[in-house]
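Here is the structure we will look at.
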Amino acid sequence: MKNKLAYALLMMLFAVASCSFTNKSFENDDKDKLLLDLITYVLEKGHYHPKDINDDFSVNLFEDFIDGLDPTKRYFLEGDIKEFEQYKYQIDDQIKNTDISFFNLVYSRLIIRMKDAQEIYKDVLSEPFDYNDEEIIDIDYDNQSFVSSKKELKERWRKQLKYATLGNYDSKITKSEEGEDDKKSLSPKEAEEEARKDTGKTLDEFFSFVDDLDRKDWFVQYINTIVEEFDPHTFYFAPEEKEKFDTRMSGKFEGIGARLQKRTEGIKIVEIISGGPVWRDQQIEVGDEILKVGQHDGEPPVSIVGMRLDDAIKLIKGAKGTIVDLTMRKVDGSIQVISITRDVVELEETFAKSANVIKDNQKFGIINLPQFYVSFDDYEGERNAASDVAKEVERLKEEGVEGLILDLRDNGGGSLKTVVEMAGLFIKEGPIVQVRSSNNEKEVHDDTDDRIQWDGPLVILVNELSASASEIMAAAMQDYKRAVVIGSKQTFGKGTVQNVIPLDRIVRSNDQGDLGAIKLTTQKFYRINGGSTQLEGVKSDVVVPDKYSYIDLGERDQHNPLAWDKISPADYKVWDGAIDYETTIANSTKRMASNPQIKLIEENAKWLKEQQNETKVSLNYNDYKDDEEKSLAKSKYFKKLNDYDSKLTFESLKYEESLFTQDSILREKRNRWHQSLAKDVYVEEAINVLEDLKGNSIKSGKLASIKN
């Protein structure tokens, strides 16, 4: 998000940097040390809440760096860690003196241990796995210690590789028994041997990636461990990564259309881009994890467990029209191979769209907004979320709707300016959000246009993935009592602002080439009632469970998030809409509590949490099959969630109907959206709330302007 205050702060940072050359030198001829000097300087001068780089910082950095390099504890030995610990309380002093001795020691030892690991896994995989043994593996690596000998290390590798091979072994056995394998029928012994070979090829591929990494790649990981101690959204982009970032910001993606996050046991799907290949395919959902990546060319898939996120993405991405085979661990615990045809992901589906909702001869409107998009280069000339939503509101008014739903579920945020303008569509005038910088100066962003584009009943839908600008919008409407917010117990809780600062701008002369950039947290958001949206997010007026209710999501589950706090409230008046706000919320809460679909959703959410909490896994094949059958049965049981029918009818607006004759893909997208909405119990309840609000408005004579 960008605004005038952020820009001013950025310029001030550059000015400070420029003026500091008399007493601050960035002339180190060692690029690693120069980078360390620059990064720590920017963090100290520009971060919203700079941390003291002291012994506590040193300890946290020590632990996080080791954990990032070896999350499954299968490279380093206990003796290595003890040797590293000589620096445990000294890294802060090293940073201040641009000393990288700690990194050098850990990096050099890691390279040795990875060479050792290549010998170990080949040795382990030379012997068959006995899946008749009664054996358990604990995959909660955080609570395990480093082993003390290479013998113990080999045993750890053996269990991990046996676990990694088990699913593939089962797949080969099952296909062989069901006659699906193109090859001859496999005996259990043959299936085990082939599965083991596949695992070996996967590890060969993984370590070929590792061998291709340069020292600078590992140093970037060290730098990012330092910056991420400040907060989860501050991040250093190496030059190559900065180019990728710029490409993403340009509006086109070539790949599968999903945002990914590294996890110990794989790569987690954290967002699905509307309109992209994954979105169209409908088999992958947020929370699923990618375990292996295959190129649909007959070669064994490559395991990405333990692989750097960047390297995993290189495997997943590819040219338009090519196919990638993803071995997924679904949120329900089942393992599936899903093939996705890569494509250029256009951002058309991130734009606002609307539909009519018909119930008992009444017409309501719904606007879906996937993000608060904007062109910073040409705000007025190009599309932005505020102007697009304004157009959709006008179109819905022309169609005669009597209430409006603004759907901000899964909306990760975007432009501050657009959310301020958008909130202004629903109130006469007044403050929308407060922003505070590191110097504690507060700026209030107001709606200054006294025109109200929509003064009728309004409901806002949110969930755990509604973040940043979405939270500003929902919070403002909630504080004004202008809308009823329906959704999760709380939204994501990202109440911070970031700006990208190219490091080359700080150094006057530089012989080290492109230095990359840092994405820096510079400000914090506050509601008009004074409370921060950081960590706590927005608490829904009507709380309803969804599949993410018990899964670790949100800012509070990130590493090193900034704290919640509050400031003085802005001067505002509650909406004068003659709405019985409390009674409406009470009625909705009562309806949701007795709704069978909501009860089934909560049951599903609890089961998913139980699946994720299970960290001790049997390596016995019969036990594995029993668990798989139970999971499959439970998964099938919850599939009836998709059979729900709200009995609501959804229709495209007239202007869009005229486009369908020339754009069959648009028709398909809208039909799919409408089919999804018809099964959506949250939209159904939003319509019920609009009916209640409409009834209140009619009694008070406030509905007249809705159809103007």
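When Q512 is tested against (1) more than 23 Å from G554 (Cα to Cα); (2) assigned by TED's automatic domain parsing to the domain that holds M422; (3) of a type in the set (S, T, N, Q), only condition (2) is not met. The C-beta contact set for segment 259-273 (first residue under 16 Å from R409 (Cα atoms), second residue of a type in the set (F, W, Y) and buried (at least 16 other Cβ atoms within 10 Å of the Cβ), distance under 7 angstrom, 6+ apart or interchain) comprises I272/W279; I273/F253; I273/W279.
Under 20 Å from the mean Cα position of the chain (by Cα), modelled with pLDDT under 95, of a type outside the set (D, E, K, R) and not assigned by TED's automatic domain parsing to the domain that holds E271: does that describe A605? It is true that A605 is under 20 Å from the mean Cα position of the chain (by Cα), modelled with pLDDT under 95, of a type outside the set (D, E, K, R) and not assigned by TED's automatic domain parsing to the domain that holds E271.
Any residue at all in segment 152-172 that is among the aromatic types (F, W, Y) and touching a strand residue (DSSP E or B) at 6+ places or on another chain (Cβ under 6 Å)? Scanning segment 152-172, I find at least one residue that is among the aromatic types (F, W, Y) and touching a strand residue (DSSP E or B) at 6+ places or on another chain (Cβ under 6 Å), so the answer is yes. Selection of segment 66-81 for residues being assigned to a helix (DSSP H, G or I) and either in contact with a Ser or Thr (Cβ under 8 Å, 6 or more places away or on another chain) or on the phi > 0 side of the Ramachandran plot (or both) yields G68, E78, G79. Residue pairs whose Cβ atoms lie under 6 Å apart, separated by 6 or more positions or on different chains, with the first residue in segment 117-141 and touching a residue at least 60 places away in the same chain (Cβ under 8 Å) and the second loosely packed, with under 11 Cβ neighbours inside 10 Å, are I136/K616; D138/K616.
Selection of segment 513-535 for residues being more than 23 Å from M473 (Cα to Cα) and small (G, A, S) yields G513, G516, A517. Please go through segment 98-129 and give me each residue that is part of a loop (DSSP other than H, G, I, E, B) and either touching an Asp or Glu at 6+ places or on another chain (Cβ under 9 Å) or hydrophobic (A, V, I, L, M, F, W, C) (or both), ordered by number. Within segment 98-129, T98, D99, I100, L125, P128, F129 meet the criteria. The number of residues in segment 679-696 that are touching a strand residue (DSSP E or B) at 6+ places or on another chain (Cβ under 6 Å) and at pLDDT below 95 comes to 0. Just wondering, is there one or more residues in segment 643-665 that are under 27 Å from the mean Cα position of the chain (by Cα) and either among the aliphatic types (A, V, I, L, M) or not assigned by TED's automatic domain parsing to the domain that holds D360 (or both)? No, because not a single residue in segment 643-665 is under 27 Å from the mean Cα position of the chain (by Cα) and either among the aliphatic types (A, V, I, L, M) or not assigned by TED's automatic domain parsing to the domain that holds D360 (or both).
Pairing each residue of segment 147-164 that is within 16 Å of S303 (Cβ to Cβ) with any residue that is assigned to a loop (DSSP other than H, G, I, E, B) and of a type in the set (S, T, N, Q), provided the two are 6+ apart or on different chains, yields C-beta distances under 8 Å for Q160/T72.
Considering segment 578-595, and only residues there that are part of a helix (DSSP H, G or I) and of a type in the set (V, I, T), the residue that is surrounded by the fewest Cβ atoms within 10 Å (Cβ to Cβ) turns out to be T583.
Against the definition (within 20 Å of N499 (Cβ to Cβ), basic (K, R) and touching a Phe, Trp or Tyr at 6+ places or on another chain (Cβ under 9 Å)), how does K442 come out, yes or no? Against the criterion (within 20 Å of N499 (Cβ to Cβ), basic (K, R) and touching a Phe, Trp or Tyr at 6+ places or on another chain (Cβ under 9 Å)), K442 qualifies.
Residues of segment 352-383 that are modelled with pLDDT of 70 or more, more than 14 Å from K397 (Cα to Cα) and touching an Asp or Glu at 6+ places or on another chain (Cβ under 6 Å): A352, N368.
Looking across segment 629-646, just one residue is surrounded by fewer than 11 Cβ atoms within 10 Å (Cβ to Cβ) and modelled with pLDDT of 95 or more, and that is D645. Does V324 qualify as being at pLDDT 85 or above, outside any helix (DSSP H, G or I), surrounded by fewer than 22 Cβ atoms within 10 Å (Cβ to Cβ) and aliphatic (A, V, I, L, M)? In short, no.
Assigned to a helix (DSSP H, G or I), of a type in the set (S, T, Y) and either free of Cβ contacts under 8 Å to residues at least 40 places away in the same chain or crowded, with 22+ Cβ neighbours inside 10 Å (or both) - does that describe any residue in segment 464-475? Yes - at least one qualifying residue is present in segment 464-475.
Any idea which residue in segment 82-101 is farthest from E229 (Cα to Cα), counting only those that are crowded, with 18+ Cβ neighbours inside 10 Å and touching a residue at least 40 places away in the same chain (Cβ under 8 Å)? Ranking the candidates gives I100 first. For segment 132-139, state whether one or more residues are of a type in the set (S, T, N, Q), under 20 Å from K197 (Cα atoms) and surrounded by fewer than 12 Cβ atoms within 10 Å (Cβ to Cβ). Checked segment 132-139: at least one residue is of a type in the set (S, T, N, Q), under 20 Å from K197 (Cα atoms) and surrounded by fewer than 12 Cβ atoms within 10 Å (Cβ to Cβ).
In the set (1) exposed (fewer than 14 other Cβ atoms within 10 Å of the Cβ); (2) in contact (Cβ under 8 Å) with a residue 60 or more places away in the chain; (3) part of a helix (DSSP H, G or I); (4) not charged (D, E, K, R), V574 fails one condition alone, (3).
Screening L396 with (1) within 23 Å of G537 (Cα to Cα); (2) buried (at least 21 other Cβ atoms within 10 Å of the Cβ) gives one miss only, at (1).
To keep it simple, each residue is scored yes or no on (1) within 24 Å of D310 (Cβ to Cβ); (2) not in a loop (DSSP other than H, G, I, E, B).
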| site | (1), (2) |
| --- | --- |
| K33 | yes, yes |
| L36 | yes, yes |
| I39 | yes, yes |
| V42 | yes, yes |
| Y48 | no, no |
| K51 | no, no |
| D56 | no, yes |
| D64 | yes, yes |
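Taking the listed residues D449, D410, the one that is acidic (D, E) and farther than 24 Å from L690 by Cα is D449, with no other qualifying.
The values are calculated or read from the model by the stated rules, or taken from the named source; none is laboratory data. The structure displayed is predicted, hence computed values, not measured ones. Using ideal geometry, Cβ is built from the backbone for each residue, glycine included, and neighbour counts are taken over all protein chains shown.
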